[in-house]
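The values are calculated or read from the model by the stated rules, or taken from the named source; none is laboratory data. Note that the structure is a prediction, hence the values are computed from the model and not measured. Reconstructed Cβ throughout: ideal geometry from the backbone, glycine too, with neighbour counts over all protein chains shown. Note: areas computed on protein heavy atoms with side chains; ligands, DNA, RNA excluded. Shrake-Rupley method; radii C 1.70, N 1.55, O 1.52, S 1.80 Å.
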Amino acid sequence: MRRLPVFLVVDVSESMAGENLRSLQEGMERLIKTLRTDPYALETAYLSVIAFAGRAKTLTPLVELVAFYSPRLPLGSGTSMGAALEHLMGEIDRNVKRSTPEQKGDFKPLVFLMTDGKSTDDPTAVLTRWKNHYASRVNLVAIGIGPYASLEALSTITPNVLRIESATEQDFKKFIDWISASVSTQSRSIGSGEPAAVSLAKFDDSVMKKIETIAQATAVDEDFVVIQGRCQTTKLPYLLKYERAKQALATRDFRMDAVHYNLVGVFAAERDFDELSDPRASARTISTESLIGSPGCPHCGAAYAFAACSCGQIFCVQGEGQATCPGCQKQLNMSMAEGDFDVTRSRG
Ligand SMILES: [Zn+2]
Ligand SMILES: [Zn+2]
C-alpha cells in the first residue's frame, strides 16, 4: 500500500499564545474528525504533527488516520524557520519510503507549514538545501496566519504560499476545512496513480489570499510585545502578551504620542517550553512605561506577574516582602517600584 504522508508543521512561538493556538488546537481535532469520514483519506493518508518555535520537535510521528490523536500544542520562544525545515527534512528522510527498482515508495508528501511571524534566524542555508534536495519531491504549502507573518523566505521555495488575512474563529474553521478538503482531494487524485501536480482544494478568497509577489509575502510592522516570566511557586514559565495600541492616547489637553501597548492576556506555558525555545538570549528591551495593564500569575494566582529581578528575570509575587528569584535564586525584598524599569523582550 502506497501512503500519502501529510505533515502539519505548526508555529508555536509566543506570538501564537492565546486565540491562535487555541484555534489551531481545535482545528486539528476538527481536521482529523473530518478526514476520518473520507474513505480515500482513511486508506492512504498518514499524518504527522511537528511543532516549531526557536527549535522544532515532532509531536506526533507519521501515523495512519485511525491511530492518530491530536497532540497538545506546546509553546516556545523564537520563530526558527530554519529549525522547522531542518527537522522536517530529517523526518522525511526517516519516515517517507522512496521508490526503488523493486518497489514503489510513498506518494509525494504533502506539507502544510503554518506561521504567524518573522523568522528570528537566517534560514538561507537550510532553504538552499531544501531547494536542491527536497523541493521537487515534496508538495509544500506555506500559510501565513494574520498580517504579521513574513513569508518572504518561503515564497522563494514554493509557489504555494497563502495568507489568512484575519484569524477570526470563523476564518480559522474555513481554513482547517480547506486543509482537510485538500488532503481528501489529493488522496482521491492519487487513487489513479502519481499525479503531476498537487491537487489543493479551492479556497474562499475572502478568507485566504494567494501570495503572488515578494511584496505580498513580507510582513507588516509589529504588532506584539511578548514578555516571558516565571512563576515563583511552580517555576513554570508564562507569557505576558501586549498589542500595539491603534491610536495615540489623547484627551483635550493631554496627548501621549509615544507608542504604547495594551495587555492582551497572560498565558501559562508548560515544562516543555524551554525545549522548544531558542537558547540565545534576546537583546531587545522595552520600557514598562509603554506597557498598559498588569495581570496576575496564571500558574499560582499571585497578584503581580510583573516583578523584576536585577538578573533580568520577570516573575510573580503576592505583594511586598520576601521573594526568591526563580531565575538566579537570589533572595529579594520586594517593594513597589517607583518609575520604570527595562525588561528583556522575548524573541519571535
Ligand atoms: Zn506564580
Ligand atoms: Zn534573579
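Name every residue in the range 1-30 that is at negative phi, outside any helix (DSSP H, G or I) and open to solvent by less than 40 Å² (accessible area, probe 1.4 Å), in order of residue number.
ARG3, LEU4, PRO5, VAL6, PHE7, LEU8, VAL9, VAL10, ASP11, VAL12, SER13, ALA17
Restricting to the range 106-135, give me the number of residues that are among the small types (Gly, Ala, Ser) and modelled with pLDDT of 90 or more.
The qualifying residues number 2.
In the list LEU47, LEU59, LEU42, which residue meets the criterion of being assigned to a strand (DSSP E or B) and open to solvent by 10 Å² or more (accessible area, probe 1.4 Å)?
Just a single option satisfies the conditions, and that option is LEU59.
State which residue is farthest from the chain's Cα centre (by Cα) when the search covers only the range 304-335 and only residues that are closer than 15 Å to LEU239 by Cα and away from ligand 2 (no atom under 14 Å from the Cβ).
So, considering only residues that are closer than 15 Å to LEU239 by Cα and away from ligand 2 (no atom under 14 Å from the Cβ), the one farthest from the chain's Cα centre (by Cα) is TYR304.
Condition test on ASP253, is it under 24 Å from GLY54 (Cα atoms), outside the structural domain of GLY117 (by TED's automatic domain parsing), more than 16 Å from ligand 2 (Cβ to nearest atom) and at pLDDT below 90?
Working: under 24 Å from GLY54 (Cα atoms): no; outside the structural domain of GLY117 (by TED's automatic domain parsing): yes; more than 16 Å from ligand 2 (Cβ to nearest atom): yes; at pLDDT below 90: yes.
Criteria not met by ASP253.
For every residue, the table says whether it meets (1) assigned to a loop (DSSP other than H, G, I, E, B); (2) away from ligand 1 (no atom under 16 Å from the Cβ); (3) modelled with pLDDT under 85.
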site: VAL266; (1), (2), (3): no, no, no
site: ALA283; (1), (2), (3): yes, yes, yes
site: PRO298; (1), (2), (3): yes, no, no
site: GLY301; (1), (2), (3): yes, no, no
site: GLN322; (1), (2), (3): no, no, no
site: CYS328; (1), (2), (3): yes, yes, no
site: MET336; (1), (2), (3): yes, yes, yes
site: GLY339; (1), (2), (3): yes, yes, yes
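Looking at ILE292, is it within 16 Å of ligand 1 (Cβ to nearest atom), at pLDDT 80 or above and in contact with a strand residue (DSSP E or B) (Cβ under 6 Å, 6 or more places away or on another chain)?
No.
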